[in-house]
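Participant: Have a look at the structure that comes next, please.
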Amino acid sequence: MFKFKCDPVYLLDFYCYKPSEELMVSMVDIDAAWNEKRKQEGSIFGKHEVTAEEAAKADAEAQDIIDFQYRVWQKAGLSDNATYLPKSIHPKFCGNTPRTDLNASAEECRMAVCGAVEGVLKKTGLRATDIDFLITTTSIYCPTPSISSMVVNAFKMRKDVNSYHLGGMGCANGVVAVNLVADLLKAHPGSIALFVTNETTTPAFYKGRDKHRLVTNVLFRLGAAAMIITNKPSLVRKAKYLLEQRVRVHIGATDDAYRCIWYGPDEEGLNGIYLGLNVVKEASKALTLAMTKVGSKILNWDQIAAFAWNRIQRKVLKKPGVEPFIPCFSDCIQHFLIHAGGAKVLDNIGKNLKLSERYLWPSRTVLRYFGNVSSSTTWYTLSCVESLRGVRRGDKVLQIGVGSGIKCGVNVWRALRDIEDVHDAWRMRADAGDRTRLANVSHGSLHIALRLLSLAILAVLVAVLYRFFVEKGGIVLPEDGIISRFW
């Protein structure tokens, strides 16, 4: 804790990219694309010059895959008409022949990343030449030159800007990479860092029939976020949040954790993101370790004592039937930014952390209107909280990201002022009436009067104690200077 007082890191502001309305994708578009292909060719996996029996078998397999994706979508928590895909894989524009080449990937990446950077620079009033550190991250799409170089070129940044690109780190990196940003700022006081998160969906789109890989087609959507993080004294008064805690764990030393999520070819040589059946189990292990680490730093004393007593009962006294203690983090945290990998994932995390629906709704709302936007997800969640509910000064915000590896990151931010920004990504929902303003809790002159009264009472109490203990002989100061007490 002392370290952060000496080397504070602040989130100045951030921006979540809002795609064009024409890029909204609906299940109607998807069904039309798949079924049109079946009408024309007999199967989405059809081959030329096949027998009627082979065509019927292929068509049945295609229908099974369509039904499987529909069942996944029904349980995933995504809206049927309010998430976004780039034109390269959007069924309304490409039909059932998606483009996943490097040129199509570059188009999507430039649109989302540059849109997010432009937005955050405009919000903060900074120029691209003010940036000292640039960190970009995606998982699947890693071009040469890198995405960080693309941003440098697009915004004509300084020749001495320190730029880094992080690839292959999955959904957690929007949280985990804050460690790198904070360490860079700690080593270079008075600097400004631009952190950009994105998952380019085009190259990750799967064209095959492996159901382990088809799930990602249903969940992942277009998006990007850009953050200005700084320790420059002149910007502190404008900052929104102070970074109080940052924890990172990595359990990739075990094969089960390392192999449960990976990108690569199926048996037919078609690339896709493989999701194993043990993803939730391994992610829970990483999350438990991370929350145990951060819990000792943020939980109140009664919960820490309850945890210690529970552990003594189970490990030392060996009492049978004693369940592991699960702390209630909502007693000390006001807002939770949970990576919305899917509805079931949110249900499990909420149960494990004892979170009511009030704390889960921002993540569910992001999943509904933007889908899984990978490493950007928790930042869309924070923009949802600010836009539709508001953050009170002094509120603590817990940011949780879990991704391939398996790795998990947890950050704790403290709000430095009341925040009710309506972000572009949520303006439509705010205008539709989903917004709830912060209650006015300022007491004005009454609050000042109560403070003065409490100080007056404290002064009287100190005077009484002084008179009783010092003037009445409660404490005697002998000539030799040794203090003796008697009652």
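Participant: Determine which single condition Ala204 fails, assuming it passes every other condition in (1) crowded, with 24+ Cβ neighbours inside 10 Å; (2) assigned to a loop (DSSP other than H, G, I, E, B).
Facilitator: Among (1) crowded, with 24+ Cβ neighbours inside 10 Å; (2) assigned to a loop (DSSP other than H, G, I, E, B), Ala204 violates only (1).
Participant: hydroxyl-bearing (Ser, Thr, Tyr), without any contact (Cβ under 8 Å) to a residue 24 or more places away in the chain and in a helix (DSSP H, G or I) - does that describe any residue in segment 220-234? So that I can check it myself, show each step before the final result.
Facilitator: Filtering segment 220-234 for residues hydroxyl-bearing (Ser, Thr, Tyr) gives 230, 234.
Adding the requirement that they be without any contact (Cβ under 8 Å) to a residue 24 or more places away in the chain leaves 234.
From the residues that got through so far, the ones that are in a helix (DSSP H, G or I) too are 234.
Looking through segment 220-234, at least one residue is hydroxyl-bearing (Ser, Thr, Tyr), without any contact (Cβ under 8 Å) to a residue 24 or more places away in the chain and in a helix (DSSP H, G or I).
Participant: Restricting attention to segment 70-94, which residues are modelled with pLDDT under 90, of a type outside the set (A, V, I, L, M, F, W, C) and more than 16 Å from Ala204 (Cα to Cα)?
Facilitator: Hits for segment 70-94 are Tyr70, Arg71, Gln74, Lys75, Gly77, Ser79, Asp80, Asn81, Lys92.
Participant: For the subset of segment 384-412 comprising residues that are assigned to a helix (DSSP H, G or I) and out of contact with any strand residue (DSSP E or B) (no Cβ under 6 Å at 6 or more places or on another chain), which member is surrounded by the most Cβ atoms within 10 Å (Cβ to Cβ)?
Facilitator: Among those residues, the one meeting the criterion is Cys384.
Participant: Being in a strand (DSSP E or B) and either over 20 Å from the mean Cα position of the chain (by Cα) or closer than 17 Å to Gly168 by Cβ (or both) is the filter here; which residues of segment 245-283 pass it?
Facilitator: So in segment 245-283, the residues in a strand (DSSP E or B) come out as 245-250, 261-265, 271-275.
Of everything in segment 245-283, those that are in a strand (DSSP E or B) and either over 20 Å from the mean Cα position of the chain (by Cα) or closer than 17 Å to Gly168 by Cβ (or both) turn out to be Arg248, His250, Ile261, Trp262, Tyr263, Gly264, Pro265, Asn271, Gly272, Ile273, Tyr274, Leu275.
Participant: Looking at Ala55, Ala82, Ala104 in this structure, which one is more than 26 Å from the chain's Cα centre (by Cα), within 18 Å of Gly223 (Cα to Cα) and surrounded by 13 or more Cβ atoms within 10 Å (Cβ to Cβ)?
Facilitator: On the way: Ala55 fails: within 18 Å of Gly223 (Cα to Cα); Ala82 fails: more than 26 Å from the chain's Cα centre (by Cα).
Only one candidate qualifies: Ala104.
Participant: For segment 393-408, state whether one or more residues are farther than 24 Å from Lys293 by Cα and more than 17 Å from the chain's Cα centre (by Cα). Can you show your working first?
Facilitator: We begin by selecting, within segment 393-408, every residue farther than 24 Å from Lys293 by Cα; these are 393.
This time we only want the ones that are more than 17 Å from the chain's Cα centre (by Cα), so: 393.
Looking for residues that are farther than 24 Å from Lys293 by Cα and more than 17 Å from the chain's Cα centre (by Cα), one finds at least one in segment 393-408, hence yes.
Participant: Ok, one more. With the requirement that a residue be in a loop (DSSP other than H, G, I, E, B), buried (at least 17 other Cβ atoms within 10 Å of the Cβ) and more than 19 Å from the chain's Cα centre (by Cα), what does segment 113-138 give you?
Facilitator: Matches in segment 113-138: Leu126, Ile131, Asp132.
Participant: Return the residue satisfying two criteria in turn: it lies in segment 296-350 and is among the aromatic types (Phe, Trp, Tyr) and in a helix (DSSP H, G or I), and of such residues it is surrounded by the fewest Cβ atoms within 10 Å (Cβ to Cβ). Show your work before the answer.
Facilitator: Pass one, segment 296-350, residues among the aromatic types (Phe, Trp, Tyr): 301, 307, 309, 325, 329, 336.
Next cut, in a helix (DSSP H, G or I) only: 301, 307, 309, 329.
Working: Trp301: 7, Phe307: 18, Trp309: 13, Phe329: 20.
The selected residue is Trp301.
Participant: Out of Arg237, Arg213, report the one residue that is surrounded by fewer than 18 Cβ atoms within 10 Å (Cβ to Cβ) and not hydrophobic (A, V, I, L, M, F, W, C). It would help to see each step written out before you state the result.
Facilitator: Details: Arg213 fails: surrounded by fewer than 18 Cβ atoms within 10 Å (Cβ to Cβ).
Of the residues listed, the single one that is surrounded by fewer than 18 Cβ atoms within 10 Å (Cβ to Cβ) and not hydrophobic (A, V, I, L, M, F, W, C) is Arg237.
Participant: Follow-up question, since we're still on this one. Which of the residues belonging to segment 351-383 are crowded, with 24+ Cβ neighbours inside 10 Å and not polar (S, T, N, Q)?
Facilitator: Of everything in segment 351-383, those that are crowded, with 24+ Cβ neighbours inside 10 Å and not polar (S, T, N, Q) turn out to be Pro362, Val366, Leu367, Phe370, Gly371, Val373, Trp379, Tyr380, Leu382.
Participant: Moving on to the next point. From the list Val412, Val385, pick out the single residue that is in contact with a helix residue (DSSP H, G or I) (Cβ under 7 Å, 6 or more places away or on another chain) and within 14 Å of Cys16 (Cα to Cα). Walk me through how you get there before you give the answer.
Facilitator: Details: Val412 fails: within 14 Å of Cys16 (Cα to Cα).
So the residue among Val412, Val385 that is in contact with a helix residue (DSSP H, G or I) (Cβ under 7 Å, 6 or more places away or on another chain) and within 14 Å of Cys16 (Cα to Cα) is Val385.
Okay, residues lined up against (1) of a type in the set (S, T, N, Q); (2) modelled with pLDDT of 90 or more:
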{"residue": "Ser404", "(1), (2)": "yes, yes"}
{"residue": "Glu420", "(1), (2)": "no, yes"}
{"residue": "His423", "(1), (2)": "no, yes"}
{"residue": "Leu458", "(1), (2)": "no, no"}
{"residue": "Val470", "(1), (2)": "no, no"}
{"residue": "Glu479", "(1), (2)": "no, no"}
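Participant: Could you list, in sequence order, all residues of segment 351-370 that are under 15 Å from the mean Cα position of the chain (by Cα) and under 24 Å from Lys297 (Cβ atoms)?
Facilitator: Those that are under 15 Å from the mean Cα position of the chain (by Cα) and under 24 Å from Lys297 (Cβ atoms): Tyr359, Leu360, Pro362, Ser363.
Participant: Ok, one more. Looking at segment 230-246 only, could you name the residues that are among the charged types (D, E, K, R) and under 14 Å from Leu416 (Cβ atoms)?
Facilitator: Scanning segment 230-246 gives Arg237, Lys238, Lys240, Glu244.
Participant: Is it the case that Pro98 is within 29 Å of Ala340 (Cα to Cα), in contact with a Leu (Cβ under 7 Å, 6 or more places away or on another chain), outside any helix (DSSP H, G or I) and at pLDDT below 95?
Facilitator: Values: within 29 Å of Ala340 (Cα to Cα): yes; in contact with a Leu (Cβ under 7 Å, 6 or more places away or on another chain): no; outside any helix (DSSP H, G or I): yes; at pLDDT below 95: yes.
So Pro98 fails the test.
Participant: Out of curiosity, is His165 over 19 Å from the mean Cα position of the chain (by Cα) and either surrounded by fewer than 22 Cβ atoms within 10 Å (Cβ to Cβ) or more than 23 Å from Tyr369 (Cα to Cα) (or both)? Can you show your working first?
Facilitator: Numbers: over 19 Å from the mean Cα position of the chain (by Cα): no; either surrounded by fewer than 22 Cβ atoms within 10 Å (Cβ to Cβ) or more than 23 Å from Tyr369 (Cα to Cα) (or both): yes.
So His165 fails the test.
Participant: The conditions are (1) within 23 Å of the chain's Cα centre (by Cα); (2) charged (D, E, K, R); (3) not assigned by TED's automatic domain parsing to the domain that holds Asn352, and Lys293 fails exactly one of them. Which is it?
Facilitator: (3)
Participant: Which ones in segment 198-222 are in contact with a strand residue (DSSP E or B) (Cβ under 7 Å, 6 or more places away or on another chain) and of a type outside the set (S, T, N, Q)? Show your work before the answer.
Facilitator: First, pick out the residues of segment 198-222 that are in contact with a strand residue (DSSP E or B) (Cβ under 7 Å, 6 or more places away or on another chain): 198-199, 201, 204, 206, 208, 210, 212-213, 215-216, 219-222.
Scanning segment 198-222 gives Glu199, Ala204, Tyr206, Gly208, Asp210, His212, Arg213, Val215, Leu219, Phe220, Arg221, Leu222.
Participant: Same structure again: Which residues, taken from segment 269-301, are modelled with pLDDT of 90 or more and of a type in the set (D, E, K, R)?
Facilitator: Glu282, Lys285, Lys293
The values are calculated or read from the model by the stated rules, or taken from the named source; none is laboratory data. Everything numeric in this text was worked out from a predicted model, so none of it was measured. Methodologically, a virtual Cβ is constructed for each residue, glycine included, from the backbone with ideal geometry; neighbour enumeration extends over all protein chains shown.
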